[in-house]
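The values are calculated or read from the model by the stated rules, or taken from the named source; none is laboratory data. Here the structure is a predicted model, which means the values were calculated and not measured. All Cβ positions, even for glycine, are placed from backbone atoms using ideal geometry, and neighbour counts span all protein chains on display. Heavy atoms of the whole protein, side chains included, go into the accessibility calculation; ligands, DNA and RNA do not. Shrake-Rupley method; radii C 1.70, N 1.55, O 1.52, S 1.80 Å.
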Amino acid sequence: MSSNPFLDPTLVHGGLYRGNGRLADRTHALHRAKISGSNVADTIANLLAARVPRGAVVLDIGCGRGTTTLRLADRLRPRQLVAVDASTALLDTTRDRLGHASARGSMVCSDFHHLPLPDKVADAAVAAFCLYHSPTPATAVAEIARCLRPGGTAVLVTKSLDSYAELDHLVHAAGLDPHATNRPSLYESFHSGNLHTIAAISLTVLDVQHEDHFFHFADAMHLARYLTTTPKYRITLTGGIPAIAVTLRQRLPAPPYTTQSTVSYAIAVRP
Ligand SMILES: C[S@@+](CC[C@H](N)C(=O)[O-])C[C@H]1O[C@@H](n2cnc3c(N)ncnc32)[C@H](O)[C@@H]1O
């Protein structure tokens, strides 16, 4: 088992993404805290709209709850949209969300290291915030490259190694987890700093763009809600979110609590 929970397959597939609740709670808490930074799904769709014609075949690898998938459906109007994920629960959510938006897509339950798709089938592929769950992200990028037609475009998205590091210090200072500042980054396998190098093994990288996102948790309950969705911390306090919020109020200076993350996009083509 890896000491990094994002690289522990039992935790990733058996716990973190088995249902849709934790990811929905985490996304909701982060979005509510965000004070600057573009909408990531919009940015991905904009990057691809400039390069991909209408009627394309588009893959969304590691689609999660389908937030990016929905945006790709709306913006690119693909002939075929294929959402791939290892979690059947999240694929069900993506299917439902597409259905509510009167959009169509095929759901494929698969490991992104072995995509059950033919060679050269896609005009475009996205892998957003998922390749950091792989101990060998270059293998997954090679699979994505295999599925792209020559000249087809990939957009690979990840975060910086130091994402949300300010929260490690707050959790440590509040006495909630004495080792919070010593743990590896959740993003250590695939991050802003190695994105270009890993993408360039199988693809021709056209550009890498970075954008800083800032977050502002206005009160202790909001921060406590977010902390319980991140597997980085070992918070043993009983009493759940309300008890964590009480501890934060007692032991930290008054809010807001702020943190940041850099979101990085590689735009690359299959040679
Ligand atoms: C943070 S979510 C992705 C969110 C989504 N791409 C978005 O931008 O809204 C990470 C996803 O990667 C998926 N995942 C992790 N490891 C995987 C693997 N080996 N193969 C396929 N999917 C995987 C998880 O099931 C989860 O849905």
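So here's what we get for this one:
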quantity	calculated
Criterion violated by ILE267 - all others in (1) buried (at least 19 other Cβ atoms within 10 Å of the Cβ); (2) assigned to a loop (DSSP other than H, G, I, E, B) satisfied	(2)
Inter-residue pairs, beta-carbon under 7 Å, first closer than 12 Å to PHE215 by Cα and in region 24-40, second open to solvent by 70 Å² or more (accessible area, probe 1.4 Å) and in a helix (DSSP H, G or I), 6+ apart	ALA29/ARG225
Hits in region 251-264 - residues which are farther than 30 Å from HIS196 by Cα and either assigned to a helix (DSSP H, G or I) or touching a residue at least 40 places away in the same chain (Cβ under 8 Å) (or both)	ARG251, LEU252, PRO256, TYR257
Top-ranked residue of region 13-35 - restricted to ones that are of a type in the set (D, E, K, R) and either on the phi > 0 side of the Ramachandran plot or within 11 Å of the ligand (Cβ to nearest atom) (or both), ranked as most open to solvent (accessible area, probe 1.4 Å)	ARG18
Which numbered condition HIS113 misses (of (1) within 8 Å of the ligand (Cβ to nearest atom); (2) crowded, with 17+ Cβ neighbours inside 10 Å; (3) closer than 24 Å to ARG146 by Cα)	(2)
Whichever residue in region 232-250 is touching a residue at least 60 places away in the same chain (Cβ under 8 Å) and crowded, with 17+ Cβ neighbours inside 10 Å and, among such residues, is nearest to VAL12 (Cα to Cα)	LYS232
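Let's see how each residue does on (1) surrounded by fewer than 19 Cβ atoms within 10 Å (Cβ to Cβ); (2) more than 10 Å from the ligand (Cβ to nearest atom); (3) within 16 Å of the chain's Cα centre (by Cα):
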residue: ILE44; (1), (2), (3): no, no, yes
residue: LEU47; (1), (2), (3): no, yes, no
residue: ASP60; (1), (2), (3): no, no, yes
residue: THR68; (1), (2), (3): no, no, yes
residue: GLN80; (1), (2), (3): yes, yes, no
residue: ASP85; (1), (2), (3): no, no, yes
residue: ALA89; (1), (2), (3): yes, no, no
residue: ALA101; (1), (2), (3): yes, yes, no
